[in-house]
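Data block below; observations after.
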Amino acid sequence: MQPVHLLTSTEKKVDVDNSKITWKGHKVTGEHDGYIVLQKGALQFNDQNQLTGGTFVMDMTTLTVTDLEGEMKGKLEGHLKSDDFFSTDKHTEAKFVITNVSGKDGKYKVTGDLTIKGITNPNTFDMIISGNTAKADLKVDRTKYDIKFRSASFFDNLKDKAIYDNFDLSVNLKF
């Protein structure tokens, strides 16, 4: 009989204080950007130190605008937290759960379930892991999460008032 080799899994908790999630939203006349605080997260690795999974929770109530100041900053943050966008009073968290990983040696194609406003959709992106840092850039179609405000996909004649459906999330995790 052959000896059975059991694969072990190691969980590495994300250092939320030194990790950063930034967002960028695009519109016909420009863009806005900011950050969201990571509430908790962990990455899973096998005994060859290859990524196998992970889960991340973002605190949507911390959604912050960094390209504006004063009254305009406050107005945009309030609008993004309203029911027109992320409904953060009803949906305080967004979550990403890795469902599939391919690749090796720090270069991975990651697929997972992203939940925003209680709606879950798959998302696939590249993740680079080097030392104790993981980096990824995601494109998110907001309309899949019932965020349709000023979307040219749903409303006609918006002209320069349109907001593009995709927004970017740039993730820099320390663990």
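The values are calculated or read from the model by the stated rules, or taken from the named source; none is laboratory data. Given the structure is predicted, the values throughout are model-derived calculations rather than measurements. No Cβ is skipped: glycine too gets one built from the backbone with ideal geometry, and neighbour counts run over all protein chains shown. The accessibility values were calculated without ligands, DNA or RNA, using every heavy atom of the protein model including side chains. Shrake-Rupley method; radii C 1.70, N 1.55, O 1.52, S 1.80 Å.
Structural remarks
A quick yes/no check of all residues on (1) part of a strand (DSSP E or B); (2) of a type in the set (S, T, N, Q); (3) more than 17 Å from F86 (Cα to Cα); (4) in contact with a Lys or Arg (Cβ under 8 Å, 6 or more places away or on another chain):
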| site | (1), (2), (3), (4) |
| --- | --- |
| T22 | yes, yes, no, no |
| H26 | yes, no, no, no |
| H32 | yes, no, no, yes |
| G41 | yes, no, yes, yes |
| T55 | yes, yes, yes, yes |
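- Residue list for region 71-80, restricted to those being open to solvent by less than 60 Å² (accessible area, probe 1.4 Å) and over 13 Å from G25 (Cβ atoms): K73, G74, G78
- The residue of region 100-123 that is nearest to N166 (Cα to Cα), among those that are in contact with a Leu (Cβ under 9 Å, 6 or more places away or on another chain) and β-branched (V, I, T), is T120.
- Conditions (1) small (G, A, S); (2) within 30 Å of D47 (Cα to Cα); (3) in contact with a Lys or Arg (Cβ under 7 Å, 6 or more places away or on another chain): number failed by S87: (2)
- Residues of region 147-175 classified as acidic (D, E) and open to solvent by 80 Å² or more (accessible area, probe 1.4 Å), total: 2
- One residue from D126, D89 being open to solvent by 50 Å² or more (accessible area, probe 1.4 Å) and over 21 Å from L173 (Cβ atoms): D89
- So M60, is it surrounded by 15 or more Cβ atoms within 10 Å (Cβ to Cβ) and without any contact (Cβ under 8 Å) to a residue 60 or more places away in the chain: yes
- If you go through region 43-53 and keep only what is open to solvent by 20 Å² or more (accessible area, probe 1.4 Å) and either closer than 20 Å to K20 by Cα or in a strand (DSSP E or B) (or both), you end up with Q44, N46, T52.
- Within region 102-116, tally of residues that are open to solvent by 20 Å² or more (accessible area, probe 1.4 Å) and in contact with a Ser or Thr (Cβ under 6 Å, 6 or more places away or on another chain): 3
- Only one entry of G41, G25 meets the criterion of being touching a residue at least 12 places away in the same chain (Cβ under 8 Å), out of contact with any Ser or Thr (no Cβ under 9 Å at 6 or more places or on another chain) and either of a type outside the set (D, E, K, R) or at positive phi (or both), and that entry is G25.
- Count of region 4-42 residues which are under 21 Å from V97 (Cβ atoms), open to solvent by 90 Å² or more (accessible area, probe 1.4 Å) and modelled with pLDDT of 95 or more: 4
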